[in-house]
Amino acid sequence: MLVSLDERDRIVAIEGDPENPATGGRVCLKGLAYAQRQSDPARLLAPLRRRRDGRGFEPVGWDEALEEIARRLVRLRDESGPLAALYYEGSGSHGALGGLAEAFWRQFGGCTRTHGDLCWPAGLEATRLTYGANLHNHPRLTVESRLVVVWGHNPAETNVHQWRLILDAQSRGARLVVIDPRRTDSTDAADLHVQPKPGTDAALALGIARIVVDEGLEDAAMLRAHAHGFAQYRARLADYPVQRVAEITGVGASTVRELALEYGRVKPALLIAGFGLQRHHHAGQAMRAVALLPALTGNVGVPGGGWQYANLASHCLRPLPLPPEPPARRSVPVSRLAASLETLDAPPIRAAWIERANPGSQNPAAPRLRRALEALDLVVVVDQFMTPTAELAHFVLPAKTLFEEEDLVTAYWHPYLQWRARIVEPPGTVRPETEIWRALSQRLGLDTSWFPGDREAFLRGLLPEPSEARLDELKKRPMDLSGLGDVAFADRRFPTPSGKIEFASDQAAERWGVDRIPGYVALGEGSESPLRSRFPLQLLSCKTRERIHSQFGSLAWVRGVERPHALDIHPDDAGPRGVQDGARVAVWNERGRIELRARLTPGIRPGVVHVLEGRCHEGDPDVNALVAEGVTDMNHGATFYECLVEVAPV
Amino acid sequence: MSGEHAGSAAGRGARSPGAGFTLDLHRCVGCGACVLACRIENGRTGTAPWRRVVPVNLVRRLAGPTYFLSVACHHCDKPACLAGCPSRAYEKRADGVVLHHAERCLGCRYCEMACPFGAPQYDRDRGIVSKCTLCAPRLDDGRLPACVTACPTGALQLAPPGRDTGGEALRDVPGFVDPAGCGPSLRFRAPAGARREQLFRALQEAMAR
Ligand code: SF4
Ligand code: SF4
């Protein structure tokens with residue numbers, strides 16, 4: 001991005017960088033709004049300490065704050081051991097320096113951390129098991145597609161840069177199919193909108209595969225040369241005749257057939273999967289089933305085709321230099337943070353350090369998590385703004401923004417590594433997290449040389465050789481250092497155990513205890529669940545364009561574009577419940593209850609209701625009160641979309 | 001304006017002589033980046049915006065998809081604002097840009113009443129009117145307007161003066177009326193075939209309500 005400063009070095013405007021090949025020099029609303037976020041009056045500029053009477057916060061100097069935090073951490077370690085401290089980090093603005101907190105904690109003697117991710121891990125692992133790596137074609141090749149299938153994803157709202165390319169493909173004659181139980185701005189542009197019941201994607205994928213194979217539309221030559229376990233997979237397809245698939249998914253048999261024939265025949269066809277279809281217990285297997293479709297139809301390794309889920313081509317940095325690992329380590333699944341805080345023993349968690357994250361709003365079982373945090377002896381939150389999590393802290397330390405510290409930034413859709421310049425000095429007394437960790441290390445008498453003095457030299461050291469030249473180049477433009485080329489798997493080499501695309505995966509069975517062949521498993525809280533007699537509606541809590549989870553929505557610049565929080569409910573579900581458009585309703589299950597306005601939405605699949613996730617304002621619904629702390633079958637993801645509820649007027 | 005435009009050649013417009021915006025109705029996702037870019041560029045983050053995005057069928061009625069109209073001043077051929085202004089605060093430049101000169105503005109708000117598109121905005125604080133300049137300072141610099149630069153989907157474009165926007169550019173679509181004969185320079189692009197009919201039906205229904 002290109003940033004304009006005023007005469008007092010304040011950021012006034014942001015434009016897209018024409019040198020950025022992924023965005024074509026365009027910015028989304030949030031990118032533009034960074035200029036305001038930077039100087040928003042609500043931004044935290046100095047450390048805060050909870051007042052002794054417990055009511056609110058008072059300003060405190062850095063020295064005093066760090067001194068007291070250091071003292072309390074040491075006492076806690078002496079009494080209970082280092083694992084009594086929890087370190088919880090989110091992704092922040094994706095800089096490489098974010099990982100340096102580990103240099104403190106390793107020297108501290110370890111701590112309790114989390115593993116897994118709330119976002120996308122099941123899909124990552126499913127892709128890795130299938131193809132050996134999370135790579136996909138360069139986004140610009142999207143326009144060469146003749147058929148784009150967008151599955152569980154809403155790029156018109158959540159990735160406008162990808163959306164522009166999809167529209168370009170459509171302008172050039174490609175057909176667009178969008179698979180989503182909701183109606184969204186993306187489905188509105190589709191030539192075909194398919195609305196399966198949430199959690200039934202594996203059945204839909206295998207039903208499509210069965211028709212493709214029955215019709216002889218599979219790429220036999222490709223499968224002979226590059227598929228592992230195809231015969232077993234093929235035998236398994238017998239379980240997915242179109243009638244059964246129609247029953248499971250709620251998609252008409254003729255639509256399943258139309259989709260299968262189109263996907264089987266049109267070349268090249270691009271399948272873009274979102275994170276939306278891997279937020280339930282059987283997500284990994286479902287993603288494997290879907291990810292195999294491009295392999296089945298010969299769409300792998302060709303321009304305009306492929307499987308597009310995540311692209312980790314830019315993740316080519318060397319590991320951060322860190323002190324040796326301490327003997328004591330403990331880790332809990334990120335999606336089970338509340339339960340972990342409640343039940344961990346030997347030692348129980350007594351302190352939490354939270355940065356670049358707002359788990360008190362964004363994690364499953366958020367209200368329970370907030371109560372558990374409130375009960376701790378010490379909570380430190382590092383953030384740019386007050387959040388429902390920061391409200392619970394004993395100390396809130398102000399965080400820098402992405403304009404205030406140099407860093408290297410990786411991506412997950414395009415292949416570019418980016419240099420992030422320090423454009424302005426942090427305002428007030430704000431200091432970068434790396435400096436906070438250095439100061440705290442100093443107070444504990446730890447080795448501070450792990451934290452960069454010269455950031456540029458430090459970051460250069462993370463680059464693959466020749467790092468000197470690369471850094472100079474990176475300062476001018478984003479770079480693809482992967483050396484992989486634009487077409488993923490063009491050489492038909494797959495870094496899987498068999499060296500082939502794995503239709504059957506021993507690793508899946510060994511690592512995760514799932515079937516070697518992906519199949520459909522009904523959700524514990526899904527369309528076929530007995531629990532539906534009490535909680536008949538499947539709740540989805542999706543993302544939209546003007547916010548990143550709980551961020552951006554509160555900015556004045558963004559207001560006016562946002563859509564107000566409401567429960568999207570189909571008139572067929574609203575009618576029998578006496579729910580009227582605009583009326584306040586309660587949404588509840590055994591875990592929690594929220595209240596908000598109903599919005600009658602004929603576009604959503606009956607039996608499915610939707611609330612936007614992300615609390616940006618006072619009074620925004622605490623939708624994660626309803627969500628269980630489930631863990632996906634693979635890779636420790638969260639199960640946000642496996643959530644049955646009931647709705648009634650209040 | 002009525003359904004006769006749907007799928008027909010009627011309303012297909014050669015470019016007006018002046019510069020103006022082109023909006024692709026299939027591409028606009030209503031993201032609001034254009035509105036914010038305009039506010040930032042023109043220092044109007046705290047006041048009424050010059051550009052706005054009007055959703056059509058936002059309640060997601062099954063009758064048709066949701067569309068978004070991103071609109072500002074249309075830099076008309078025969079600007080009603082200019083005609084209605086008693087103090088000659090308005091200027092129609094040779095390149096088509098309609099400019100409002102703040103120093104000549106009385107704050108009488110006649111232009112606001114005259115413009116059928118709601119383009120001039122009255123700023124209570126300053127007691128005068130202002131409106132979209134098509135980013136004239138940027139144009140004079142050889143740059144595109146801020147809204148066009150920002151639009152991430154390529155929905156909003158600038159057609160420079162005299163250049164035809166191409167055979168597919170539409171002068172009007174249902175719901176976009178020119179009651180005062182101002183000759184707005186905004187042109188539309190719409191998807192072809194059945195999609196266009198669907199779009200026009202949605203626009204009509206939205207207008208009928
Ligand atoms: S920026 Fe472009 S896509 Fe977004 S609302 Fe404006 S015209 Fe539409
Ligand atoms: S849109 Fe309104 S303000 Fe703009 S030129 Fe036309 S009449 Fe004048």
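Some notes on this structure:
- The sole residue among A:Ala70, A:Ala13, A:Ala65, A:Ala42 that is part of a strand (DSSP E or B) and of a type in the set (Gly, Ala, Ser) is A:Ala13.
- Test for A:Asp454: is it touching a Leu at 6+ places or on another chain (Cβ under 8 Å), open to solvent by 20 Å² or more (accessible area, probe 1.4 Å) and not aliphatic (A, V, I, L, M): no
- Strands (runs of 3 or more DSSP E) (entirely within segment A:575-650) containing at least 3 residues that are farther than 19 Å from A:Ser550 by Cα and either touching a Ser or Thr at 6+ places or on another chain (Cβ under 9 Å) or open to solvent by 20 Å² or more (accessible area, probe 1.4 Å) (or both): A:593-600, A:644-649
- Unique match (being touching a residue at least 60 places away in the same chain (Cβ under 8 Å) and either surrounded by fewer than 21 Cβ atoms within 10 Å (Cβ to Cβ) or closer than 28 Å to B:Leu82 by Cα (or both)) among B:Leu199, B:Leu170: B:Leu170
- For segment A:164-175, taking the residues that are more than 22 Å from B:Ala202 (Cα to Cα) and buried (at least 21 other Cβ atoms within 10 Å of the Cβ), the one that is nearest to the other protein chains (Cβ to nearest Cβ) is identified as A:Arg164.
- For B:Thr149: the one exception among (1) modelled with pLDDT under 95; (2) assigned to a loop (DSSP other than H, G, I, E, B); (3) surrounded by 21 or more Cβ atoms within 10 Å (Cβ to Cβ): (2)
- Among the candidates A:Ser498, A:Ser554, A:Ser482, residue that is crowded, with 19+ Cβ neighbours inside 10 Å, in a loop (DSSP other than H, G, I, E, B) and among the polar types (S, T, N, Q): A:Ser554
- When B:Gly181 is tested against the conditions (1) surrounded by fewer than 23 Cβ atoms within 10 Å (Cβ to Cβ); (2) over 19 Å from B:Gly20 (Cα atoms); (3) within 11 Å of ligand 2 (Cβ to nearest atom), the lone failure is (2).
- Output for segment A:9-20, where each listed residue is away from every other protein chain (no Cβ under 11 Å) and buried (at least 18 other Cβ atoms within 10 Å of the Cβ): A:Asp17, A:Asn20
- Failed criterion for B:Ala63 (all others in (1) at pLDDT below 95; (2) within 14 Å of ligand 1 (Cβ to nearest atom); (3) among the aliphatic types (A, V, I, L, M) hold): (2)
- Pick from segment B:116-127, criterion open to solvent by less than 20 Å² (accessible area, probe 1.4 Å) and either among the hydrophobic types (A, V, I, L, M, F, W, C) or more than 18 Å from B:Lys92 (Cβ to Cβ) (or both), ranking: farthest from ligand 1 (Cβ to nearest atom): B:Asp123
- Any hit, segment B:129-140, residues being farther than 23 Å from A:Pro18 by Cβ and open to solvent by 20 Å² or more (accessible area, probe 1.4 Å): yes
- Given (1) more than 12 Å from chain B (Cβ to nearest Cβ); (2) open to solvent by 20 Å² or more (accessible area, probe 1.4 Å); (3) in contact (Cβ under 8 Å) with a residue 40 or more places away in the chain, index of the condition A:Arg563 fails: (1)
- Failed item, numbered, when A:Ala70 is tested on (1) open to solvent by less than 50 Å² (accessible area, probe 1.4 Å); (2) within 14 Å of chain B (Cβ to nearest Cβ): (2)
- Looking across A:His193, A:His161, one residue alone is in a strand (DSSP E or B), within 14 Å of chain B (Cβ to nearest Cβ) and more than 30 Å from A:Glu502 (Cβ to Cβ). It is A:His193.
- Selected residue [part of a strand (DSSP E or B), within 16 Å of ligand 1 (Cβ to nearest atom), among the hydrophobic types (A, V, I, L, M, F, W, C) and surrounded by 13 or more Cβ atoms within 10 Å (Cβ to Cβ)] from B:Leu144, B:Leu158, B:Leu99: B:Leu158
- Checking each residue in segment B:31-51 for being surrounded by fewer than 24 Cβ atoms within 10 Å (Cβ to Cβ), among the aliphatic types (A, V, I, L, M) and facing another protein chain (nearest Cβ under 7 Å) picks out only B:Ile40.
Conditions (1) β-branched (Val, Ile, Thr); (2) open to solvent by 20 Å² or more (accessible area, probe 1.4 Å), marked per residue:
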site: A:Arg244; (1), (2): no, yes
site: A:Glu262; (1), (2): no, yes
site: A:His280; (1), (2): no, no
site: A:Gln285; (1), (2): no, no
site: A:Val290; (1), (2): yes, no
site: A:Leu296; (1), (2): no, no
site: A:Cys316; (1), (2): no, yes
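- Residues (open to solvent by 50 Å² or more (accessible area, probe 1.4 Å), over 15 Å from A:Gly592 (Cα atoms) and touching a residue at least 12 places away in the same chain (Cβ under 8 Å)) located in segment A:532-542: A:Arg532
- Tallying residues that are in a loop (DSSP other than H, G, I, E, B) and either crowded, with 24+ Cβ neighbours inside 10 Å or within 16 Å of ligand 2 (Cβ to nearest atom) (or both) within segment B:17-27 yields 5.
- Some residue of segment A:40-51 being on the phi < 0 side of the Ramachandran plot and within 14 Å of another protein chain (Cβ to nearest Cβ): yes
- Inside segment A:78-113, residues that are in a helix (DSSP H, G or I) and within 33 Å of the chain's Cα centre (by Cα) make up a count of 16.
- The sole residue among A:Val148, A:Val212, A:Val178, A:Val143 that is touching a helix residue (DSSP H, G or I) at 6+ places or on another chain (Cβ under 6 Å) and surrounded by fewer than 21 Cβ atoms within 10 Å (Cβ to Cβ) is A:Val143.
- The residue that is farthest from the other protein chains (Cβ to nearest Cβ), among those in segment B:68-93 that are in a loop (DSSP other than H, G, I, E, B), in contact (Cβ under 8 Å) with a residue 40 or more places away in the chain and more than 16 Å from ligand 1 (Cβ to nearest atom), is B:Lys78.
- Candidates B:Pro120, B:Pro79, B:Pro86, filtered to the one that is more than 20 Å from B:Ile40 (Cα to Cα) and within 11 Å of ligand 2 (Cβ to nearest atom): B:Pro79
- Selection count where residues are more than 12 Å from chain B (Cβ to nearest Cβ) and of a type outside the set (Lys, Arg), scope segment A:539-560: 10
The values are calculated or read from the model by the stated rules, or taken from the named source; none is laboratory data. No experiment lies behind these values; they were computed from the predicted model shown. Note: ideal-geometry Cβ built from the backbone for every residue, glycine included; neighbour counts use all protein chains shown. Side chains included, ligands, DNA and RNA excluded: accessible areas come from the protein's heavy atoms. Shrake-Rupley method; radii C 1.70, N 1.55, O 1.52, S 1.80 Å.
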